[in-house]
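Here is the structure we will look at, set down as structure tokens.
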Amino acid sequence: MKLYGYWRSSAAYRVRIALNLKGISAEQFSVHLVRDGGEQHQAPYIDLNPLELVPTLVVDDELDTEALSQSLAIIEYLDEIYPQAPLLPASALERAHVRAMALTIACEIHPLNNLRVLQYLTQTLGIDEAAKNTWYQHWVTSGFAALEVLLARHSGRYSFGNTVTLADLCLVPQVYNAQRFNVDVTPYPNIMRVWAECNQLDAFADAAPERQADAI
């Protein structure tokens, strides 16, 4: 397997955690999202991922080489192929709850604050840094307020009960991003409790952005 990502990409961060939890080795390649206009917008990376986003997981099966995109799709693929340390519960109802928490982050927070959105705000619409940060913080706090309620209903040691799930793989990178942009996280004790619990695990700690080879 080959994982194409970037040290600060929260989507790539999710996949790194999944690989670590399952003990899967993947050769990692850095796609610099800022240098030279962004390597994700250049060939040959576009041939791998026409979305021009990270991560991309390249896998070799018996007949062909496949390039997989979208972090949650990659993680669910890994969960199906390597079922040890499952990231989704056995019950359909419980899986729905876990996916709802994961998608609260992956669909309701992250897309509005992704790099290409922030660059569009500043470079195309001419919004200044203060207004950009206000935008960022608004969508994080809106999503975190909802997630805090879901965690109050379903969390134990982790986001859903006492076992690490897909929801945790989304939560930890999003908290990292929130802290980068100076979001006040004190109103979210459940989120921060789960975040702290997860980061005690080597699989999460070793996936942290600053521990990656391309961190600068």
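The values are calculated or read from the model by the stated rules, or taken from the named source; none is laboratory data. Source: prediction; values computed, not measured. Glycine also receives a Cβ, built like all others from the backbone with ideal geometry; neighbour counts cover every protein chain displayed. For accessibility, only protein heavy atoms count, side chains too; no ligands or nucleic acids. Shrake-Rupley method; radii C 1.70, N 1.55, O 1.52, S 1.80 Å.
A few points about this structure:
- Dipole check for the chain: with +1 at the C-beta of Lys and Arg, -1 at the C-beta of Asp and Glu, and the Cα centre as origin, the magnitude is about 740 Debye.
- Tail beyond 18 Å, pair distance distribution of the range 112-216 (Cα, percent): 53
- Stretching ALA131 away from ASP47 to a fully extended chain increases their span by 26.7 nm, per 0.36 nm per residue minus the current alpha-carbon distance.
- In sequence order, calculated HN-Hα J values of the range 123-138 (Karplus, 6.51, -1.76, 1.60; Hz; x Gly/Pro): 7, 9, 8, x, 6, 7, 4, 5, 5, 4, 5, 4, 4, 4, 5, 4
- Projecting the Cα atoms of ALA26, VAL59, TYR45 onto the charge dipole of the range 26-73 (Cβ charges, centred on the Cα centre) puts TYR45 farthest toward the positive pole.
- Length gained when the stretch GLN119-GLU27 is fully extended (0.36 nm per residue, less Cα-Cα span): 30.2 nm
- Computed over the alpha-carbon atoms, the range 77-144 gives an Rg to Rh ratio of 1.19, Rh here being the Kirkwood radius from the mean inverse distance.
- For the range 162-210, average projected area of the Cα convex hull in nm²: 3.5
- Put the Cα centre of the range 45-94 next to the Cα centre of the range 167-213 and the gap is 22 Å.
- Heavy-atom surface analysis with a 1.4 Å probe gives the range 52-96 a carbon and sulfur content of 53 percent of its accessible area.
- Under a 5 Å amide H cut-off, with hydrogens placed 1.01 Å from N, SER155 pairs with GLY161 among residues at least 5 apart or on other chains.
- Debye, to nearest 20: dipole size of the range 78-170, +1 on Lys, Arg Cβ, -1 on Asp, Glu Cβ: 100
- Over the residues of the chain, the helix contribution to mean residue ellipticity at 222 nm works out to -14500 deg cm²/dmol, using -39500 (n - 2.57) for each DSSP H run of at least 4.
- Counting only the Cα atoms, the range 1-71 fills a convex hull of 83 Å³ per residue.
- Based on alpha-carbon atoms, the Kirkwood radius and the radius of gyration of the range 1-144 give Rg/Rh equal to 1.00.
- From phi via Karplus (6.51, -1.76, 1.60), per-residue ³J(HN,Hα) for the range 187-192 in Hz, x at Gly/Pro: x, 10, x, 5, 4, 6
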